[in-house]
Amino acid sequence: MPNEANFSLEGFSAAISAATARAAERVVAIESAGPWSVSGVLWRSGLVVTAHEGLPGDEDFSVLLPDGRKTVASLIGRDPSTDVALLKLDSGVWTDWAAAPTPQVGSLALAVGRGEFGPLAAFGAVSEAGPAWRSLKGGLIDARLTLGLRLGGRLEGGAVVAPDGRLIGLAVSGPRGRALAIPAVTVERAVKALGARGYVARGYLGVSLHPLAGKGSSGGAIVVGLEPDGPAAKAGLAVGDIITTWDGEAVANVSSVSGRLGTDSVGHTVKLGVLRGGTAIDIDVTIGERPRA
């Protein structure tokens, strides 16, 4: 228990309020038609990041700045795999927000957003801090950060900050309503890709796969279709081949392949272990960029 001589609830409350006010200087409200809004973070001069899943499918948005002014922001691009959307606007000059190191479980975190009438805040502990993971849409997230706080809809897309004011990441809603922080380093990688091309490339083999079925199946994915000019066809894969390993790691099912085709896989050459007519062979495939619809 804290010593009464050097701890007071009043002092703690004042410190949280001051940290909220400092962080709110970099947080905006993003509006579309109607009363709907989410938060966003002034990433650097002229750029705002927010949560892709919380943002509607518009191209232009009204943004409420920290000083109370309203301006218009235009969509640069979205990365559904990391839940990052990037907007451009006339924001004035902003430097990069200093990033915090990966927090420890139990350390304190503050989610800061902005609503119509001013800053929004939620306070709690980091309830999970795990290693890098891959989202269901194939994005590489540099740390699994679950927050022990309730993330209301207007807080989504806001900043998650450490007690010293450094930026932990972007506040987003995860599966089953869990509050997550997308680490600042992950957001920065998405910002660079979106700023350069307006989208984030996904890996592509150009194959249609089907799981192996039946008793005694040891896993793998069978090739049932090939794009004629796709990476797999160019490397020599054939319909009927069974993919059993990926760079030496076992392929259990179709998801074992699709889950490896993330944004960081484009351009990499992988060694696929293949069963062809009962004979094991290795085929090197350079992963391409998924064609855009």
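The values are calculated or read from the model by the stated rules, or taken from the named source; none is laboratory data. Predicted model, so just to flag it, every value in this text is computed and none were measured. Glycine gets a Cβ as well: all are built from the backbone with ideal geometry, and neighbour counts include every protein chain shown. The protein model used for the area step is the full one, side chains on, heavy atoms only, and it has no ligands, DNA or RNA in it. Shrake-Rupley method; radii C 1.70, N 1.55, O 1.52, S 1.80 Å.
Within the stretch 212-232, restricting attention to residues that are among the hydrophobic types (A, V, I, L, M, F, W, C) and not in a helix (DSSP H, G or I), which residue is surrounded by the most Cβ atoms within 10 Å (Cβ to Cβ)? Give the steps one after another, and end with the answer.
So the first thing to find is which residues in the stretch 212-232 are among the hydrophobic types (A, V, I, L, M, F, W, C), and the list is 212-213, 221-224, 226, 232.
Next cut, not in a helix (DSSP H, G or I) only: 212-213, 221-224, 226.
Working: L212: 19, A213: 7, A221: 24, I222: 18, V223: 21, V224: 12, L226: 18.
Filtering first and then ranking leaves A221.
With the condition kept exactly as written, say whether any residue in the stretch 199-207 is open to solvent by 40 Å² or more (accessible area, probe 1.4 Å), touching a Lys or Arg at 6+ places or on another chain (Cβ under 8 Å) and within 18 Å of D83 (Cα to Cα).
Taking every residue of the stretch 199-207 in turn, at least one turns out to be open to solvent by 40 Å² or more (accessible area, probe 1.4 Å), touching a Lys or Arg at 6+ places or on another chain (Cβ under 8 Å) and within 18 Å of D83 (Cα to Cα).
Mind listing just one residue for me: the one in the stretch 271-293 that is out of contact with any Leu (no Cβ under 9 Å at 6 or more places or on another chain) and β-branched (V, I, T) and, of those, farthest from G198 (Cα to Cα)?
This residue is T279.
Criterion first (in contact with a Leu (Cβ under 7 Å, 6 or more places away or on another chain) and closer than 12 Å to T82 by Cβ) does V126 satisfy it?
Values: in contact with a Leu (Cβ under 7 Å, 6 or more places away or on another chain): yes; closer than 12 Å to T82 by Cβ: no.
It is false that V126 is in contact with a Leu (Cβ under 7 Å, 6 or more places away or on another chain) and closer than 12 Å to T82 by Cβ.
Considering the stretch 175-198 alone, what residues qualify as being surrounded by fewer than 19 Cβ atoms within 10 Å (Cβ to Cβ), without any contact (Cβ under 8 Å) to a residue 60 or more places away in the chain and in contact with a strand residue (DSSP E or B) (Cβ under 6 Å, 6 or more places away or on another chain)?
Answer for the stretch 175-198, where residues must be surrounded by fewer than 19 Cβ atoms within 10 Å (Cβ to Cβ), without any contact (Cβ under 8 Å) to a residue 60 or more places away in the chain and in contact with a strand residue (DSSP E or B) (Cβ under 6 Å, 6 or more places away or on another chain): just R178.
(1) modelled with pLDDT of 95 or more; (2) crowded, with 19+ Cβ neighbours inside 10 Å; (3) out of contact with any helix residue (DSSP H, G or I) (no Cβ under 8 Å at 6 or more places or on another chain); (4) under 19 Å from G54 (Cα atoms): which one isn't true of A109, the others all being true?
(4)
For the stretch 67-87, enumerate the residues that are out of contact with any helix residue (DSSP H, G or I) (no Cβ under 6 Å at 6 or more places or on another chain) and more than 21 Å from A179 (Cβ to Cβ).
Those that are out of contact with any helix residue (DSSP H, G or I) (no Cβ under 6 Å at 6 or more places or on another chain) and more than 21 Å from A179 (Cβ to Cβ): D67, G68, R69, K70, T71, V72, A73, S74, L75, L87.
Can you spot a residue in the stretch 146-167 that is under 30 Å from V270 (Cβ atoms), touching a strand residue (DSSP E or B) at 6+ places or on another chain (Cβ under 9 Å), open to solvent by less than 60 Å² (accessible area, probe 1.4 Å) and β-branched (V, I, T)? Give the steps one after another, and end with the answer.
To start, the set of residues in the stretch 146-167 that are under 30 Å from V270 (Cβ atoms) comprises none.
No, the stretch 146-167 contains no residue that is under 30 Å from V270 (Cβ atoms), touching a strand residue (DSSP E or B) at 6+ places or on another chain (Cβ under 9 Å), open to solvent by less than 60 Å² (accessible area, probe 1.4 Å) and β-branched (V, I, T).
Quick check on G138: is it on the phi > 0 side of the Ramachandran plot, surrounded by fewer than 16 Cβ atoms within 10 Å (Cβ to Cβ) and not hydrophobic (A, V, I, L, M, F, W, C)? Even if it seems obvious, please write down each step before you answer.
Details: on the phi > 0 side of the Ramachandran plot: yes; surrounded by fewer than 16 Cβ atoms within 10 Å (Cβ to Cβ): no; not hydrophobic (A, V, I, L, M, F, W, C): yes.
For G138, the condition - on the phi > 0 side of the Ramachandran plot, surrounded by fewer than 16 Cβ atoms within 10 Å (Cβ to Cβ) and not hydrophobic (A, V, I, L, M, F, W, C) - is not met.
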